[in-house]
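Let me begin by presenting the structure, written as structure tokens, before commenting on it.
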Amino acid sequence: MDHAVETTLTVNGTRITRRIAPRVHLVDFLRDELGLTGSHIGCEHGVCGACTVRVNGDIVRGCLMLAVQADGCTVETIEGLSDSKELAPLQQAFHEHNALQCGFCTPGMLMAAQDLVRSGTKPTRDEIRAHISGNYCRCTGYQAIVDAIEATINGKG
């Protein structure tokens with residue numbers, strides 16, 4: 001008996017309809033079914049932020065959301081933001097400030113950081129740290145990441 005659920009969602013601007021098993025997580029669907037491997041699978045418990053995507057404009061942990069829950073939703077991944085050139089200033093700042101090391105956390109970190117950049121606010125360094133606190137980085141110590149985000153927000157990319 002096929003328990004798959006017909007699900008329609010828009011991913012990075014493309015409307016997609018698939019039959020999806022009810023227990024498949026959004027990040028697994030994006031990676032395995034759509035080949036969008038930029039969102040990483042880290043802890044699978046919503047703690048590390050490596051699977052961060054945007055659903056209907058809000059950042060979410062792709063490992064905590066079932067793909068069928070995204071029925072009717074708009075999903076943006078790192079690939080979509082990168083293709084749109086929306087991340088270019090932030091990516092450049094990450095490069096210039098040496099805010100990436102191994103790169104495993106980078107897509108999720110960029111998604112969270114871009115969410116803050118999109119807000120149009122001028123957060124303090126402490127507020128930047130609070131905003132990205134759900135995204136773990138084991139390599140950088142966060143100083144360079146905060147520097148890059150702050151530079152982007154202040155137009156000094």
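The values are calculated or read from the model by the stated rules, or taken from the named source; none is laboratory data. Remember, it's a predicted structure, so these values are computed and weren't measured experimentally. Every residue, glycine among them, receives a Cβ derived from its backbone with ideal geometry; neighbour counts consider all protein chains shown.
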*Looking at segment 81-90, which of the residues that are surrounded by fewer than 21 Cβ atoms within 10 Å (Cβ to Cβ) and touching a residue at least 40 places away in the same chain (Cβ under 8 Å) is farthest from the chain's Cα centre (by Cα)?*
89
_Tally up the residues in segment 7-60 that are among the acidic types (Asp, Glu) and either outside the structural domain of residue 73 (by TED's automatic domain parsing) or modelled with pLDDT under 95 (or both), please._
1
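Condition check ((1) among the hydroxyl-bearing types (Ser, Thr, Tyr); (2) under 24 Å from residue 14 (Cα atoms)) across all residues:
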| residue | (1), (2) |
| --- | --- |
| 33 | no, yes |
| 42 | no, no |
| 55 | no, yes |
| 59 | no, yes |
| 70 | no, yes |
| 124 | yes, no |
_Can you say whether residue 67 is touching a His at 6+ places or on another chain (Cβ under 9 Å) and either touching a residue at least 60 places away in the same chain (Cβ under 8 Å) or over 24 Å from residue 117 (Cα atoms) (or both), as far as the supplied structure shows?_
yes
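This table checks each residue for (1) part of a loop (DSSP other than H, G, I, E, B); (2) crowded, with 20+ Cβ neighbours inside 10 Å.
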position	(1), (2)
92	no, no
102	yes, no
111	no, yes
122	yes, no
129	no, no
145	no, yes
*Meets criteria (in the same structural domain as residue 60 (by TED's automatic domain parsing) and over 13 Å from the mean Cα position of the chain (by Cα)) for residue 73*: yes
